[in-house]
Every structure is written in C-alpha cells, then in structure tokens.
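Since every read-out is calculated from the coordinates, none of them should be taken as a lab result. None of these values were measured; they are calculated from a predicted model. Methodologically, a virtual Cβ is constructed for each residue, glycine included, from the backbone with ideal geometry; neighbour enumeration extends over all protein chains shown.
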Amino acid sequence: MASKRTKELDFRSNDGLEVALLWQPETNQVSVSVYDSKTGDDFDIEVDPAEATDAFNHPYAYAASRGVHFVAGTRAPTDTEAVPV
C-alpha cells in the first residue's frame with residue numbers, strides 16, 4: 001500500500017491496463033503498480049531504481065522474471081508463497 005508521501009512518477013492507461021510508477025521518498029523504494037480491468041490482474045512489484053523504466057514499460061515480463069506468474073488472469077502463487085485454503 002502506498003504511503004501518503006508516495007509520488008507517482010509516471011502513469012499510463014490503455015485498453016483497460018493501468019500501470020503506475022511509484023516512489024517513496026522516505027525509503028527511496030520504487031515500485032510498479034498494475035491493474036488490468038479485463039483480466040482482474042492487480043499487483044505491485046518492488047523494483048530496483050535502475051530497472052524502473054523497464055519494469056514500467058514491461059510489467060508482466062518484469063514480474064515473470066522475478067517469479068510472479070499468472071494463470072488465466074489470476075496471479076499464481078510461487079513455490080515460496082502460501083496458498084490460501
């Protein structure tokens with residue numbers, strides 16, 4: 001969840017996909033927030049500031065390279081994540 005001081009550095013929206021590049025000045029943490037109204041995908045990814053532009057432009061590829069996978073529009077848990085019961 002974004003803090004009150006989170007700054008939106010960039011935003012794009014196209015065909016139901018919304019992507020925001022966010023920065024928290026207190027911690028210097030950068031993240032990409034994604035929401036896809038067509039599939040229901042809704043996720044945030046912490047990113048290295050040096051990779052922020054790439055993650056913003058290609059959030060699904062960036063997420064996949066970090067072990068986040070999606071199945072039929074739903075985020076599939078990784079081996080290290082708990083599965084809800």
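Cβ under 11 Å from Val47's Cβ, Val47 left aside: what net charge do those residues give with Lys, Arg +1 and Asp, Glu -1? The partial results should precede the final answer.
Details: positive: Arg66; negative: Asp44, Glu46, Asp48, Glu51, Asp54.
Counting the neighbours of Val47, the net charge comes to -4.
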Worksheet item: When Lys and Arg each count +1 and Asp and Glu each count -1, what net charge do the other residues less than 10 Å away from Tyr60, Cβ to Cβ, add up to?
Response: -2
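So what is the relative contact order of the range 7-68, in percent, for Cα pairs below 8 Å that sit 6 or more residues apart?
Once divided by the residue count of the range 7-68, the mean separation gives 23 percent.
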Discussion item. From the Cα trace of the range 7-68, what convex hull volume per residue do you get, rounded to a whole Å³?
Written reply: 77 Å³
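With Cβ to Cβ distances under 9 Å as the rule, what net charge do the other residues near Gly16 carry (K, R +1; D, E -1)?
Details: positive: Lys38; negative: Asp15, Glu18, Asp36.
After counting each charged neighbour, the total is -2.
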